[in-house]
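Here is the structure we will look at, set down as structure tokens.
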Amino acid sequence: MSVSLGMPSAPAPVLAPRRKTRKIKVGKVEVGGDAPISVQSMTTTPTTDINATLQQIAELTAAGCDIVRVACPSRDDAEALPAIAQKSQIPVIADIHFQPNYVYAAIDAGCAAVRVNPGNIRQFDDQVGEIARRAKAAGVSLRIGVNAGSLDKRLLEKYGKPTPEALVESAVWEASLFEEHDFHDFKISVKHNDPVVMVRAYELLAERGDWPLHLGVTEAGPAFQGTIKSATAFGALLSKGIGDTIRVSLSAPPVEEVKVGNQILQSLNLKPRKLEIVSCPSCGRAQVDVYTLAEQVTAGLEGMTVPLRVAVMGCVVNGPGEAREADLGVASGNGKGQIFVKGEVIKTVPESQIVETLIEEAMRIADEMGEPVDGEGAAPVVSVS
């Protein structure tokens, strides 16, 4: 029997066309325009520990990170940037606050981009011309990063607090300063910890210019809360075509940020879907332990990047239909499971063999598709149906 495996080859439908923005480059990664939406994260290691930082960057790269940011709060950190920028597999952005001299150090170090925070860099407006000149000469792009927690004091006095209007006014003003020096290779972020304020700020900013936008809910919180806040805010903006690169900020290992970011984009068809595990939430009809089955299948297929949808279903109501619609699936009940491959039952196995059989069939399919079983990319994520 010949079957067609994998996700549909036709372009997946999206909720809205991407907003038209100018395109910039962050090293080898294009941002804005027709470039794919990229996923970013930030290292948590001391930047001065070059080996540890490069190891974490390698882990982020393997998880599907496109661009990485490293902190540069001290002179010692700035001195570590050349080695990190040279050996990193993905473009490195230097994160600069307070000291304008570190902006120049990052440019000289060969970083792909520099994140500057106008609200807390000393006499930033007076530094714009020199930053623009040196960044342009080196082919380095910038991110103008406006944060609610470090908004320019002048705007805090004007608006009373970090309102969407205050964040946008700060961003537009700083963008205009760079544009006066004929520097246009920058993206903008206007981050806030409240998704509602953040969404409104980006909506207003998108109306003011064609700058590429970096999305982020700053200080989003622990993994569960931060994931919900980021997914809600990003979904609201991306569904309107707003957003060119994203960073999910979690109080969790940065690899988790990358996994969440990739999954958000895949869920909106803004990034090609890879391995997707569809599992039922379980209920009184379930005749098998769906939670354990889904966890074991997910663990067994971790690292697989083939475009494969696997359904793990626990009862006879929705089970056969969902399993039939997936590339590979199981409909479980009465201590056994029917194994489906592209809509056809290929065998029935005891419950104790369901996980082993699904993993074997997934490996076989991956091999037939000519895809590496342990390639780089986002790890499988269980999406509850």
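The values are calculated or read from the model by the stated rules, or taken from the named source; none is laboratory data. What you see is a predicted model; the values in this text were computed from it and never measured. Methodologically, a virtual Cβ is constructed for each residue, glycine included, from the backbone with ideal geometry; neighbour enumeration extends over all protein chains shown. What goes into the accessible areas is simple: the full protein's heavy atoms, side chains included, and nothing from ligands, DNA or RNA. Shrake-Rupley method; radii C 1.70, N 1.55, O 1.52, S 1.80 Å.
How big is the antiparallel share of DSSP beta bridges in the chain, given as a percent to the nearest 5?
Numbers: 15 of 57 bridges.
If I count the DSSP bridges inside the chain, around 25 percent turn out antiparallel.
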(request) Under a cut-off of 24 Å between alpha-carbon atoms, report the lysines in cross-link reach of LYS347, not counting same-chain residues fewer than 8 places apart. (result) LYS336
(message) Taking the Cα of ASN101, stepping 7 Å toward and past its beta carbon, and measuring to each backbone N in segment 126-147: which are under 17 Å?
(response) 127, 131
(request) Rounded to the nearest Å, what's the spacing between the alpha carbon centres of segment 312-343 and segment 79-96? Just the number, please. (result) 48 Å
(message) Between helix 50-63 and the chain, what is the angle of the helix's C-alpha long axis to the longest principal axis, kept within 0 to 90° and rounded to the nearest 10?
(response) 50 degrees
(request) Based on the mean of other Cβ atoms within 10 Å per residue, sort peptides 186-194, 333-341 so the most packed one is first. (result) 186-194, 333-341
(request) May I ask you to evaluate 6.51 cos²θ - 1.76 cosθ + 1.60, the Karplus curve with θ = phi - 60°, for each residue of segment 168-175 and list the ³J(HN,Hα) values in order in whole Hz, giving x for glycine and proline? (result) 5, 4, 4, 5, 5, 4, 5, 4
(message) As an exercise, use a Förster radius of 25 Å and the Cβ-Cβ distance of GLU165 and THR232 to find the FRET efficiency, rounded to the nearest 0.05.
(response) 0.70
(request) Provide, for segment 151-288, the number of lysine pairs with alpha carbons under 26 Å apart, each pair being eight or more places apart or on different chains. (result) 25
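For the chain, report the translational diffusion coefficient in µm²/s to the nearest whole number, using Stokes-Einstein at 37 °C, 0.692 mPa s, and a Kirkwood Rh over Cα pairs. Mind dumping the intermediate values first?
Working: Rh = 22.3 Å.
Value of D from the Cα-based Kirkwood radius: 147 µm²/s.
Solvent-accessible area per residue for segment 202-273 at a 1.4 Å probe radius, Å²? Numbers along the way, then the final one.
Numbers: 2470 Å² over 72 residues.
Ligands and nucleic acids excluded, the figure is 34 Å² per residue.
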(message) Students often forget the sequence filter, so: which aspartates and glutamates lie under 13 Å Cα-Cα from LYS136 once same-chain residues fewer than 8 apart are removed?
(response) ASP108, GLU179, ASP182, ASP185
(message) Which residues does the label zone of ARG208 cover in segment 123-138, counting backbone N under 16 Å from a point 7 Å along Cα→Cβ?
(response) 125
(message) Quick query: amide H of ARG69 versus all other amide H atoms, modeled in the peptide plane; which residues come in under 5 Å with a sequence gap of 5 or more or a different chain?
(response) SER41, MET42, THR43, ILE93
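How many Å² of accessible area per residue for segment 42-146, probe 1.4 Å?
Numbers: 3920 Å² over 105 residues.
Ligands and nucleic acids excluded, the figure is 37 Å² per residue.
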(message) Give me the net charge for the shell around ALA109: Cβ to Cβ below 11 angstrom, other residues only, Lys and Arg +1, Asp and Glu -1.
(response) -3
(request) Give the carbon-plus-sulfur fraction of the accessible surface of the chain in %, rounded to a whole number; probe 1.4 Å, heavy atoms of protein chains only. (result) 51 percent
(message) What do you get for chymotrypsin sites (Phe, Trp or Tyr not before Pro) in segment 92-125 restricted to DSSP loop and a cutoff of at most 16 other Cβ within 10 Å of the site's Cβ?
(response) PHE98
(message) On C-alpha positions alone, give me the angle between the axis of helix 124-138 and the longest principal axis of the chain, in degrees, nearest 10.
(response) 60 degrees
(request) Sum -39500 (n - 2.57) across every DSSP H segment of at least 4 residues in the chain, then divide by the residue count to get the 222 nm mean residue ellipticity, nearest 500. (result) -12500 deg cm²/dmol
